[in-house]
Amino acid sequence: MLFGVLFLIVLATVPLARGRLTAFAELEIRRAWLAPAGIGVQILILKVVPHGSAAFHEAVHMFSYALLGGFAWSNRRIPGVPVIMVGGALNFIAIAANGGVMPADPEIARHVAGAEGFVNSGAMAHPHLLFLGDVFATPQSWPMYNVFSIGDLVILLGVVMVLHGVTGSRLAPRWLRRSPAPVTG
């Protein structure tokens, strides 16, 4: 939820920096169905059907990253998407190394409201690659307390690059700005 709010804040900065939000309508997004499918699968295993086989949920969680990775790969020519791919890969590596669950720093994870069933991030007895896991947190006093990873931060940077690069915002360096002409092929 926190990253959704941050996305909206960054989106609001585009017109302030003289970016043209309508440039997104001119983009040809390839394999667009992969993104909502990947997000939908995550919602399904986290909110709709969180109970059941842990192994199944973990495998489906990793599959959702494959769907999202396929979407990103298909659209890698859009400015900023390769950076999003790096962030997603960092998250996927941490999740795969821990059997389908993002490892979280035990000290900060204990402050997150407990959920029943499958959780996509949590403290583990012996986590692998914890430094890639959810080791950062917003202050507990914030209304949307959340934990996040270095991969999440890289993804957010990529989103900023996409929003400002595609729209031709003055905040984007010239090398990042993209002609809004549709991508073909």
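FYI, it's all coordinate maths here, none of it is from the lab. Everything quoted here is computed from the prediction, not taken from an experiment. Because the Cβ atoms are built from the backbone with ideal geometry, glycine has one as well, and the counts that use them run over all protein chains shown.
When the convex hull of the Cα atoms of the chain is projected onto a plane and the area is averaged over all directions, what value comes out in nm²?
If I average the Cα hull's projected area over directions, I get 11.3 nm².
Let me check against my output: what whole-number percent is the relative contact order of the chain, with C-alpha pairs under 8 Å and at least 6 apart?
Over the chain, the number comes to 29 percent.
Nothing charged except the Cβ atoms of Lys and Arg (+1) and of Asp and Glu (-1): what's the magnitude of the dipole of region 30-167 about its Cα centre? Round to the nearest 20 debye.
With only Lys, Arg, Asp and Glu charged at Cβ, the dipole is about 560 debye.
Taking the number of other C-beta atoms within 10 Å as the exposure measure, put Trp33, Trp73 in order starting with the fewest.
Going from sparsest to densest Cβ surroundings: Trp33, Trp73.
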